[in-house]
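Report on one structure; see the data block that follows.
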Amino acid sequence: MNDVNIYKDIGSLLASSKNTVVVTGAGISTEAGIPDFRGEKGIYRTLGEDKVMNLINVDAFRRRTEEFYKFYRNYFMLPKVKPSRAHYLLAEMEKKGIIKAIVTQNIDNLHQKAGSKRVIAVHGNADNFICTKIGCPTMVDGDYVRSVSDLVPKCPQCGSILKPDVVLFGEPIQNHRLARDTILNAQLLVVIGSSLTVYPLAGFVGEYCASSEKFIIINKGPTALDHKATVKLDTDNTGKALEEILKYIE
């Protein structure tokens, strides 16, 4: 099947669905300039998964806070980039009622910056840092953390240690029930930029596929659920693909 026919098929599925949910992974953000941690040149491969998991976990944050922050500042303070064309198009599609929600593995906040309103971020938001003192509601942004001279940033209100508002290894995902319910209740599920290997989100998608036949994958390379897809589009330019798909909806 050529790309034109695939665009038509995806457009037709989107046009006929009254509750489309989009699941996004790192692939959509690499187009904006965010590194893919699990990609070919990502830190999980260049440094080794064991080293990354040994430091980006909640126990390291609590017990080896300076070591944690040295690593986190070097590798997980994301570059300041603008949303990609794909992010803006998804926000436009939500505004037009074509999609109802986005469930994302990404921590870069780019969907929100592009204007999407219903974004369920299961791994948190790297733009935010929260105070670890119980009862202190302080939250600061990455600019504040970059501006302080101390390796370990402290709360400007109470002086307690700040923690990145992201899910570390050893912590449960955020919005677990909401993300699962949103995916399972979709009439049409569209996965963009994910190889569907990170759990539990990949498990939610697998549950959806067990009871639904309407499933679209837009990704560069294979995924763990290609065999379940109604339509699979292999592309490294999601923005261009969405532009073409929209032509067959409008």
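Derivation of every value follows stated rules applied to the coordinates shown; laboratory data play no part. For clarity, every value in this text was computed on a predicted model and none was experimentally measured.
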Given contacts defined as C-alpha pairs under 8 Å and at least six residues apart, what's the relative contact order of segment 103-250, whole-number percent? 16 percent
Hey, what angle do you get for helix 65-75 against the long axis of the chain, alpha-carbon based, 0 to 90 degrees rounded to 10? 40 degrees
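Starting from the Cα gyration tensor of segment 181-250, take the square roots of the eigenvalues, sort them a ≥ b ≥ c, and report rounded, prolate or oblate (rounded when a/c is under 1.5, otherwise prolate if a/b is larger than b/c, else oblate). Mind showing how you got there, number by number?
Values: a/c = 2.06, a/b = 1.39, b/c = 1.48.
Cα axes put segment 181-250 in the oblate bin.
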Given a cut-off of under 8 Å on Cα pairs at least six residues apart, what relative contact order in percent is computed for the chain? 26 percent
Could you work out the pair-distance distribution P(r) of the chain from its alpha-carbon pairs, with 5 angstrom bin width and percents rounded to whole numbers? 1, 6, 13, 17, 18, 16, 11, 8, 5, 3, 1, 0, 0
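When only C-alpha pairs under 8 Å and at least 6 residues apart count, what is the relative contact order of segment 123-175, in percent? List each step's numbers first, then the result.
Working: 70 pairs, mean separation 24.0, N = 53.
It rounds to 45 percent for segment 123-175.
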Can you list the HN-Hα couplings for segment 7-13, worked out from phi with the Karplus curve (6.51, -1.76, 1.60; θ = phi - 60°), rounded to whole Hz and with x for Gly and Pro? 4, 4, 4, 5, x, 5, 5
Please compute the Kirkwood hydrodynamic radius of segment 94-133 from all pairs of different C-alpha atoms, in Å with one decimal. 11.2 Å
The correct pair for segment 94-166, radius of gyration to one decimal and Dmax as a whole number, both in Å and from Cα atoms, is 14.9, 46
For segment 118-250, just say rounded, prolate or oblate: build the C-alpha gyration tensor, square-root its eigenvalues into a ≥ b ≥ c, call rounded for a/c under 1.5, and beyond that prolate if a/b exceeds b/c, oblate if not. prolate
